[in-house]
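The values are calculated or read from the model by the stated rules, or taken from the named source; none is laboratory data. Being a predicted model, the structure only gives us computed values, none of them experimental. All Cβ positions, even for glycine, are placed from backbone atoms using ideal geometry, and neighbour counts span all protein chains on display. Protein only, heavy atoms only, side chains kept; ligands, DNA and RNA dropped before computing areas. Shrake-Rupley method; radii C 1.70, N 1.55, O 1.52, S 1.80 Å.
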Amino acid sequence: MALVRPESVGMSSDRLRRIEDFLEQRYVGPGRLPCASVLVSRSGKTVFNSVQGMADVERSQRARENTLYRIYSMTKPLTSVMFMMLVEEGKVALDDPVHRLIPEWKDLAVFDGGFLETFRTKPTARPMLVVDLLRHTSGLTYGFQERTNVDAAYRKQGIGTFGVKPSSLQETIGQLATTPLDFSPGERWNYSVSTDVLGYLIEKIEGKPFEVVLKERLIEPLGMVDTDFYVPDTKAERLAACYQYAPGKKPVLQDDPTRSPYLKPPVFVSGGGGLVSTSADYLRFCSMLLNGGELGGRRFLSPKTLALMTANHLPGGKDLTEMSVSLFSEASNAGVGFGLGFAVVMDPAKALSPTSRGEYYWGGAASTAFWIDPAEELIVIFMTQLLPSSAYPVRRELRTLVYAAMTESRLR
């Protein structure tokens, strides 16, 4: 990947090199993270591209620029963009009730006590709307939250998992039809399988498998040549190992790349967390977003649609600390709202971060992350493979280091 001098776009070479030193001393050298890849782009120019550590510790294989990473929830922004492309075409609207496309969801109810076999429920205050899926106010949840009896029901039924016997996307929709919501739609924010449901809606609207639509209409036109829901044999040696945090110990191997489920097409095609990608591929997606929905002469979204997606959609203009009922990352999220597929910075002072109002971002379960700061024309992509993302505050630390490397601000 061709690099330009950071100084040409108002950044410091010396201060960017601090990132490598910091990651080596704090994380990669001591073995807290197996690897660390940081890519920084400003004003459409790549100014920093660092790859450190091992893609596969057991086999002493170093991470490279083309290493394939499980990006987990960094899949969500792609699914959300694809869905908004259909909104632009008039095929679905944000205020449509979800049961218009999933009739078996017409009588969804809210948890009111009991366990899976003996749930007591009450009616929802209003129907679930499409916008609730995009902003995670649907009342759905994730089994890994381990917070409520509804979460436990998800785990027992294998809803939204990549487990030994995962359900298909169609089967998951059927399971959710008979499982109560955690709360009435619009009342709270809860990280959930909502984006997987969006993938199912895309499938229903387009009359093709979700993964086919995403590839034909977004991934391939963007030139994301290494992004897919599985890794073919020809690229298998590039798949990184994934590790699990172990308190007080070196990370434990969680997914061996030579035997990984990602080496074959999945049963459960997850629009919320199923993709494998590279830093270079994800940069193309982010570059399209920063460029107002266009890349290489092809338009994917209108700038007005992107402005809508990156506005705060939490009811009452609240932030995540006021609306969220779940913990899902290492960050506090004060001053941070949520749009249609992205977290959105509302108040940098409350966030205690040297960022800009209007920055939008998300991350993945294996500690990957990206952010886009339109005001500073900045894109940052971070790749590694350590579960869970709450193990270390590395993503927050990285944000501080990147902004500290700026010598010129676009803000006036």
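Things to note:
- A search for C-beta distances below 9 Å between a residue of segment 103-115 that is of a type outside the set (A, V, I, L, M) and any residue that is open to solvent by 90 Å² or more (accessible area, probe 1.4 Å) and not in a helix (DSSP H, G or I), counting only pairs 6+ apart in sequence or on different chains, returns GLU104/THR178; ASP107/PRO123; PHE111/ARG120; PHE111/LYS122; ASP112/ARG120; ASP112/LYS122; GLY113/ARG120; GLY114/ARG120.
- Helices (runs of 4 or more DSSP H) enclosed by segment 242-323 - at least 1 residues per element that are at pLDDT 95 or above and out of contact with any strand residue (DSSP E or B) (no Cβ under 6 Å at 6 or more places or on another chain): 279-290, 303-309
- Comparison of MET323, MET309 shows that the only residue that is aliphatic (A, V, I, L, M), within 23 Å of ARG42 (Cα to Cα) and surrounded by 14 or more Cβ atoms within 10 Å (Cβ to Cβ) is MET309.
- Among residues of segment 139-154 being under 12 Å from LEU176 (Cα atoms) and among the hydroxyl-bearing types (Ser, Thr, Tyr), the one that is most open to solvent (accessible area, probe 1.4 Å) is TYR142.
- For LEU116: the one exception among (1) surrounded by fewer than 17 Cβ atoms within 10 Å (Cβ to Cβ); (2) of a type in the set (A, V, I, L, M, F, W, C); (3) under 23 Å from the mean Cα position of the chain (by Cα): (3)
- One residue from PHE229, PHE285 being crowded, with 22+ Cβ neighbours inside 10 Å and either under 19 Å from the mean Cα position of the chain (by Cα) or not aliphatic (A, V, I, L, M) (or both): PHE285
- Residues that are open to solvent by 10 Å² or more (accessible area, probe 1.4 Å), of a type outside the set (S, T, N, Q) and under 15 Å from the mean Cα position of the chain (by Cα) within segment 372-397 comprise LEU387, PRO388, ARG395, listed in sequence order.
Let's see how each residue does on (1) touching a Gly at 6+ places or on another chain (Cβ under 6 Å); (2) open to solvent by 20 Å² or more (accessible area, probe 1.4 Å); (3) without any contact (Cβ under 8 Å) to a residue 40 or more places away in the chain:
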residue: VAL4; (1), (2), (3): no, yes, no
residue: ASP14; (1), (2), (3): no, yes, yes
residue: GLU20; (1), (2), (3): no, yes, yes
residue: GLY29; (1), (2), (3): no, yes, yes
residue: LEU39; (1), (2), (3): no, no, no
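- Filtered residues of segment 175-214 (kept if open to solvent by 50 Å² or more (accessible area, probe 1.4 Å) and under 17 Å from the mean Cα position of the chain (by Cα)): GLU211
- Just one of the listed residues (ALA343, ALA366, ALA405) is at pLDDT 95 or above, open to solvent by less than 10 Å² (accessible area, probe 1.4 Å) and over 27 Å from ARG17 (Cα atoms), namely ALA343.
The rows are residues; the columns are (1) modelled with pLDDT under 95; (2) out of contact with any helix residue (DSSP H, G or I) (no Cβ under 8 Å at 6 or more places or on another chain); (3) open to solvent by 10 Å² or more (accessible area, probe 1.4 Å).
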| site | (1), (2), (3) |
| --- | --- |
| THR79 | no, no, no |
| MET82 | no, no, no |
| ASP96 | no, no, yes |
| PRO103 | no, yes, yes |
| VAL131 | no, yes, yes |
| HIS136 | no, no, no |
